[in-house]
Amino acid sequence: MSVILVTGSYDHDIRFWEAWSGICSRTIARTNETGQVNRLAISPDKRLLAAAIYKKVHIYEIASTSSTPFITFDGHNSNITAVCFHSEGKWLVTGSEDCTIKIWDLRSTHLHRNYDNEAPVNDVVVHPNQGELISCDQAGRIKQWDLSENICTHELTPAGDTPMRSITLASDGSCLVAGNNKGKCYVWRINEERSDLPRFQAVTKFQAHGKYLTRCLLSPDVKYLATCSADTTVKIWSISQNYEFKLEKILQGHQRWVWDCAFSADSAYLLTASSDHTARLWKMATGEEERQYKGHHKAAVCCALHDGAG
C-alpha cells in the first residue's frame, strides 16, 4: 500500500480508505468492544497501526485483514490522548488523562518506562533527535522529557493554567508550536542544548481561532501550520523564516468540529477528521476539497496518513 489513510470514530470502527477513490477498503469493526478510538499512528515502516482506544492501545498489522490486534498495551488507568512511534519503530509512546506518559517496547510488548506528569496529558510528540519527548497538559504546561536521563528537563507555562491542547514539532527540530483551549498558539525557536541560548526561545503568539482549538500541526516541509477547531474550520498559516505566521487559507466544508489532521509527506495535501462523520482530503495549493471519506456513523475524531517511503 503506497498510501495508508486511516480514520477512527466514536462509532468504535477504524476504517482504511483508498485515497483517490474515497472507497473504504477495510474496516476494523469492534462490535463487541467498548471504548472509542481516540488517536491513530502509523509506524514509520508502514507495517503497524497503533490505535488508542480508551485505556488501551491496540497494534494492528496493516497488511493483515484481521480485526484482532496482534499486540495490546494495557496499563493506563484513564483515556489515552496521544500515541506516537519512535522513528525506528521499536517503541511506542502514549500519554493519558491518568497523568502519565508511558513508553512501550514493541519487541517485548512490555512497559519500558513511565513518567509521572502530575496532570492529565493532552498530547505528546517525539523530538526528531529521538532522545526527547515533549508533552502538553491540562494544567497548561509544556514539558521536555530526556529519555536518557529519564527526567523532565524543561517546563513552559505560556498561558498560566489554561489547558494546552495540542503540540507540534518541526521535522528538523527547529521550532515548537502549542495551541490551547482558548484558540491561541504559542511558538518557540528550539536552540541546541550546547548553545548559550535558552532551549526554548519564545518568538511569537497569535489567536488562531475564536473557539476551542483541537489540533495544531506543522507541515513536513515546515512552511505551514494547520490549526483545527470547534468553529468547523481548518486554518492554514504560512511561516516566514523569522517565524511570522500569516493566515493563508481557511478550509471550509466540515459541518461540525474538526478534531484532527494529517499532512501528506510532500506537504501538498491535508487530511482532516470531523464530528460531521466525514474525513476530507484538501489540496494545500488551492485550499479546495479533493475527496470526502464517508462511512462512519458517528464523529470521526482521529486520522492518520502515511504516503512517504516505508
**Number of the exception - residue 130 against (1) within 26 Å of residue 263 (Cα to Cα); (2) in contact (Cβ under 8 Å) with a residue 40 or more places away in the chain; (3) open to solvent by 30 Å² or more (accessible area, probe 1.4 Å); (4) touching a strand residue (DSSP E or B) at 6+ places or on another chain (Cβ under 8 Å)** = (4)
**Complete:** Filtering the stretch 155-181 down to residues that are surrounded by 19 or more Cβ atoms within 10 Å (Cβ to Cβ), under 19 Å from residue 192 (Cα atoms) and touching a Lys or Arg at 6+ places or on another chain (Cβ under 8 Å) yields 156, 175
**Request:** Report, by residue number, each residue of the stretch 140-151 that is of a type in the set (A, V, I, L, M, F, W, C) and surrounded by fewer than 18 Cβ atoms within 10 Å (Cβ to Cβ).
**Result:** 151
**Odd one out for residue 79 among (1) under 25 Å from residue 145 (Cα atoms); (2) at pLDDT below 95; (3) open to solvent by 20 Å² or more (accessible area, probe 1.4 Å)** = (2)
**Message:** Return the residues of the stretch 201-216 that are open to solvent by 50 Å² or more (accessible area, probe 1.4 Å) and charged (D, E, K, R); say none if nothing qualifies.
**Reply:** 205, 211
**Selection count where residues are part of a loop (DSSP other than H, G, I, E, B) and of a type in the set (A, V, I, L, M, F, W, C), scope the stretch 6-27** = 3
**Asked** Hey, among 78, 21, which residue is over 14 Å from the mean Cα position of the chain (by Cα) and under 18 Å from residue 281 (Cα atoms)?
**Response** 21
**Fill in**
Picked from the stretch 217-266 (must be on the phi > 0 side of the Ramachandran plot and not small (Gly, Ala, Ser)), the residue modelled with the lowest pLDDT is 243
**Request:** For residues that are touching a residue at least 40 places away in the same chain (Cβ under 8 Å) and of a type outside the set (Ser, Thr, Tyr), tally how many sit in the stretch 185-218.
**Result:** 13
**Asked** In the stretch 73-127, how many residues are under 10 Å from residue 137 (Cα atoms), of a type in the set (Asp, Glu) and outside any strand (DSSP E or B)?
**Response** 2
**Prompt:** If we scan the stretch 186-200, do we find a residue that is open to solvent by 40 Å² or more (accessible area, probe 1.4 Å), under 24 Å from residue 157 (Cα atoms) and at pLDDT 95 or above?
**Reply:** yes
**Message:** Go through the stretch 5-27 and report how many residues are open to solvent by less than 10 Å² (accessible area, probe 1.4 Å) and either more than 16 Å from residue 300 (Cβ to Cβ) or of a type in the set (Ser, Thr, Tyr) (or both).
**Reply:** 2
**Request:** Tell me which residues, restricted to the stretch 83-128, are within 16 Å of residue 167 (Cβ to Cβ), under 16 Å from the mean Cα position of the chain (by Cα) and among the polar types (S, T, N, Q).
**Result:** 94, 96, 122
**Message:** Any residue in the stretch 273-301 that is under 16 Å from residue 232 (Cα atoms) sitting within a Cβ distance under 9 Å of a residue that is open to solvent by 60 Å² or more (accessible area, probe 1.4 Å) and of a type in the set (A, V, I, L, M)? List the pairs, counting only those 6 or more apart or interchain.
**Reply:** 287/250
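The values are calculated or read from the model by the stated rules, or taken from the named source; none is laboratory data. Everything quoted here is computed from the prediction, not taken from an experiment. Don't worry about glycine lacking a Cβ; one is built from the backbone with ideal geometry, like all the others, and counts go over all protein chains shown. Surface areas here come from the heavy atoms of the whole protein model, side chains and all, with no ligands, DNA or RNA. Shrake-Rupley method; radii C 1.70, N 1.55, O 1.52, S 1.80 Å.
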